[in-house]
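All of the numbers you see were taken from the coordinates with simple rules; none came from a lab. Bear in mind the structure is a predicted one, so any value in this text is a computation, not a measurement. In this analysis, Cβ positions are derived from the backbone assuming ideal geometry, glycine residues included, and neighbour counts consider all displayed protein chains.
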Amino acid sequence: MPIVGFLNEILWNYILIILLLGCAVWFTIRTHGVQFRMIGDMLKLLVEKNKYRDKKHNVSSFQAFAISIASRVGTGNLAGVATAIVLGGPGAIFWMWIIAILGGANAFVESTLAQLYKVKSEKSFIGGPAYYIKKGLHSRLFASVFAILILFTFGFAFNSVQSNTITAAFSSAFGIDKFYLGAIITTLTLTVIFGGVHRIAKVSEIIVPSMAIAYIMLAIFVIIIRFDRIPHVLELIIGNAFGFEQIMGGGIGMAVLMGIKRGLFSNEAGMGSAPNIAATANVTHPVKQGLIQTLGVYTDTIIVCSCTAFIILCSGIFDSGLSGIELTQASLNNEIGNTGSAFIAITILFFGFTSIIGNYYYGESNLYFITRNKKVLFAYRTLVGGMVMYGSLAELNHVWSLADLCMGLMTLCNLCAIILLGKYAILCLKDYQKQKRQGKNPRYHSS
């Protein structure tokens, strides 16, 4: 796929890096570092009870957070981090942290806009970049382009990556035939997605917190037993990000590139995906969900991705020639024995599966933007299942290349939109802070 590779190089090496970092710095300045100074509010809002919510027909703030984490926490955290280390060196982890910390501002703006421009559907709210592009920029064509891109990016390309990694992990750990496992994952996927957003929300809010806690606890255990290696690991990360050898060899550029690409694939800040689920939450003020989705970026990259990075770098085998999920499995085997591969396989099964159903919802909400025809929806759900099966058997490099191109194009559309509409998210933030200073529970009024 030489044309895909060429387009990826132009898009990622020049256009998106400048736009992503530029937007992140700009919104960090304009919001006075909302992603840093309002972490306390984020944590409080995550558990806030909303007495105005219709529990039967609306998605809670926590459920929306869980679905977005379900989509974020997946192969990017376990396989993507390993790929970033292999191709960009340990320094890629540093730049992954940077894009998450700064990108939190992008996540805040896009999710606040999603709440601001959301609309009511049959059973819940619905929204996202396609909706705020149409209503805010008054461009149906631009909005439709984004909607089509996210349909392919998440429903097809990203879900292929998820199923590819799941079957690779199980094949490595247990020798299970990829075809049979792919068929099982496809069947489970179709069962859940035909149940709609509420079934997706219920599955996500149960599985995601449980598996995330289990994985974090394992990483902490590895760090404790290899605590003597932590200074060396930190030296590797920082040294490789700025070291003299990397400057002379051009390694810093690759570390930055891989850190941003794999970091964005994992945390999705600025990509335009999380706003689709952020819009479904029934909250009293748009800023509330904007803050909660910002917390999702930190949860994904600063916590879960770092867990994988420390497991791999503590093992000392990151330059062994392995890549992707196989490197993560081998690294954990090196620390806790042969049970490491099995644990990673089971973890990636749950993380990957919840990502598949979360990704599907992003596609569905944008399909609704284009058409409400039930036959088209049925066909889309069936095609998503087909792509899950395809990804189970496909070549990893082809799948990742396609995912990178689709991700880049939709990110480009979303960044252009939030640059133009970001002032409204900032006005919402000022209104939220004003009501907080008055001792009120902030409520949004369109006036």
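If you count, for each residue, the other Cβ atoms within 10 Å and average over each peptide, how do 326-333, 131-138, 346-353, 220-227 line up from highest to lowest? Working shown, then result.
Details: 326-333: 24.8, 131-138: 20.5, 346-353: 22.9, 220-227: 14.2.
Descending mean neighbour count gives 326-333, 346-353, 131-138, 220-227.
Rounded to two decimal places and with Rh computed the Kirkwood way over Cα pairs, what is Rg over Rh for the stretch 294-447? Present the calculation step by step, with values, prior to reporting the outcome.
Numbers: Rg = 21.4 Å, Rh = 19.9 Å.
Radius of gyration over Kirkwood radius for the stretch 294-447 works out to 1.07.
Just need log10 I(q)/I(0) for the stretch 99-165 at q = 0.14, 0.28 Å⁻¹, Debye formula, equal scatterers on the alpha-carbon atoms, no solvent, rounded to two decimals.
-0.56, -1.08
Output the pairs from Lys118/Lys423; Lys288/Lys440; Lys120/Lys434; Lys44/Lys288; Lys120/Lys374; Lys288/Lys430 with a Cα-Cα distance over 20 Å in this structure; if there are none, say none. All intermediate terms of the calculation are to be shown ahead of the outcome.
On the way: Lys118/Lys423 17 Å; Lys288/Lys440 13 Å; Lys120/Lys434 27 Å; Lys44/Lys288 10 Å; Lys120/Lys374 18 Å; Lys288/Lys430 12 Å.
Pairs exceeding the cut-off: Lys120/Lys434.
What number, in nm² with one decimal, is the all-direction average of the projected area of the convex hull of the alpha-carbon atoms of the stretch 272-330?
Details: hull surface 21.0 nm².
Average projection, Cα convex hull of the stretch 272-330: 5.3 nm².
Tell me the net charge near Asn164. Cut-off is 13 Å between Cβ atoms, Asn164 excluded, with +1 for each Lys or Arg and -1 for each Asp or Glu. Let's see the in-between values first.
Numbers: positive: Lys178; negative: Glu326, Glu395.
For residues surrounding Asn164, the net value is -1.
Determine the sum of side-chain charges near Ile220: Lys and Arg each +1, Asp and Glu each -1, restricted to other residues whose C-beta is under 14 angstrom from that of Ile220.
On the way: positive: Arg226; negative: Glu335.
Counting the neighbours of Ile220, the net charge comes to 0.
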